[in-house]
Amino acid sequence: MSVAVATDRPAGSVAVARDSARSFLEGLVPARASEAADTVVLVVSELVTNPLRHGGGTCTLDLTAHPNSIEVAVHDPSPRAPRRRTPDVGAGGFGWPLVNRLATSTAVTRRASGGKTVSALLMR
């Protein structure tokens with residue numbers, strides 16, 4: 001089962017992505033525990049926020065349910081990979097380390113059409 005959500009409206013796209021993730025997770029059988037679902041939604045929020053702030057303001061979210069995991073993939077037109085920064089309350093830098101901590105694996109893949117895909121795998 002998978003779902004694709006275009007998020008090219010900066011004002012509401014993170015909220016749209018979170019709502020889409022919640023709807024996706026509610027449709028899974030068996031359902032994920034509330035805390036595990038919240039983790040997926042948090043990772044979606046962080047991965048969608050990065051391209052909206054740093055990668056041109058547009059991205060596409062794909063969610064895929066595998067037998068033992070949920071894959072969150074965000075495609076955007078920027079070739080720049082996420083990078084670790086020293087976290088700063090005023091300037092950010094918390095998202096990418098958080099995603100790497102919550103996910104069982106992360107990957108950044110260059111797309112032949114340009115841009116990249118940033119993906120995170122979370123246990124189901």
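The values are calculated or read from the model by the stated rules, or taken from the named source; none is laboratory data. Source: prediction; values computed, not measured. Here Cβ is always computed from backbone atoms with ideal geometry, including for glycine, and neighbour counts include all displayed protein chains.
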- Query: Out of 29, 43, which single residue is modelled with pLDDT of 80 or more, loosely packed, with under 12 Cβ neighbours inside 10 Å and not acidic (Asp, Glu)?
  - Reply: 29
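Is it the case that residue 36 is modelled with pLDDT of 85 or more and within 19 Å of residue 121 (Cβ to Cβ)?
Considered against the rule, which asks whether it is modelled with pLDDT of 85 or more and within 19 Å of residue 121 (Cβ to Cβ), residue 36 comes out as yes.
Checking the conditions here, which among 74, 108, 89, 99 is at pLDDT below 80 and among the β-branched types (Val, Ile, Thr)?
Being at pLDDT below 80 and among the β-branched types (Val, Ile, Thr) holds for just one of 74, 108, 89, 99, which is 89.
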- Answer yes if at least one residue in segment 60-69 is crowded, with 19+ Cβ neighbours inside 10 Å, touching a Leu at 6+ places or on another chain (Cβ under 7 Å) and either at pLDDT 90 or above or acidic (Asp, Glu) (or both), and no otherwise. no
